[in-house]
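The values are calculated or read from the model by the stated rules, or taken from the named source; none is laboratory data. Just so you know, these numbers come straight off a predicted model, no measurement behind them. In case anyone asks, the SASA skips ligands and DNA or RNA and just uses the protein heavy atoms, side chains included. Shrake-Rupley method; radii C 1.70, N 1.55, O 1.52, S 1.80 Å.
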Amino acid sequence: EEVGFRSTKLRTPEDSILILPNGTLANGIIDNYGLRKLRRIRLLFGLDLLTPVEKIHILQEKVTSFVNDIPAVEPGRNSVMFLKVGELGLEFEIIGYAHVHDNEAERALKESILEATLRLCKELEIKPTNLKK
């Protein structure tokens, strides 16, 4: 927004203004997210505690394959990992790296991955769960 003698004003994506002393900027590390080539996509989902291990492996393979087939996603750098047995179910994480250049495209990509995961759960007769109380 504005660079002054003593401070710099930045506008956040939430439309608020940050006022940063220039000394802080000069001494700090600045990570320019706008210049990155790929965005890391991270999604969490849960499965019922009673899900058979064989079905979990099939779901992991199918979700990984789905993500790798998305044109915007960098193939080979994606994973579907089992994180832990949580209080409300088995917790999984989907990680992918995508060529998306704005938040709206990133949201749409995440939504399509989650929808595909839900469709695959239904196809495999796996019950997804909520990870939060």
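Taking 0.36 nm per residue of separation and subtracting the current Cα-Cα distance, fully stretching the chain between residue 124 and residue 17 would add 33.7 nm.
Against the longest principal axis of the chain, how steep is helix 53-68, in degrees 0 to 90 to the nearest 10, with axes from Cα atoms? Helix 53-68 and the main axis of the chain meet at about 40 degrees.
Which percent of the accessible heavy-atom area of the range 35-133 goes to carbon and sulfur, probe 1.4 angstrom?
Reported share for carbon and sulfur atoms: 55 percent.
Over the range 1-118, the pair-distance histogram of Cα-Cα distances with 5 Å bins from zero comes to 2, 10, 16, 16, 12, 11, 10, 9, 7, 4, 2, 1, 0 percent, rounded to whole numbers. Compared with the dominant principal axis of the Cα atoms in the chain, helix 103-123 is inclined by about 10°.
Probing with 1.4 Å while keeping every protein chain in the model, the per residue accessible area of the range 23-124 equals 64 Å².
For the residues 93, 74, 104, a GNM of the chain with alpha-carbon springs under 10 Å puts the largest fluctuation on 104.
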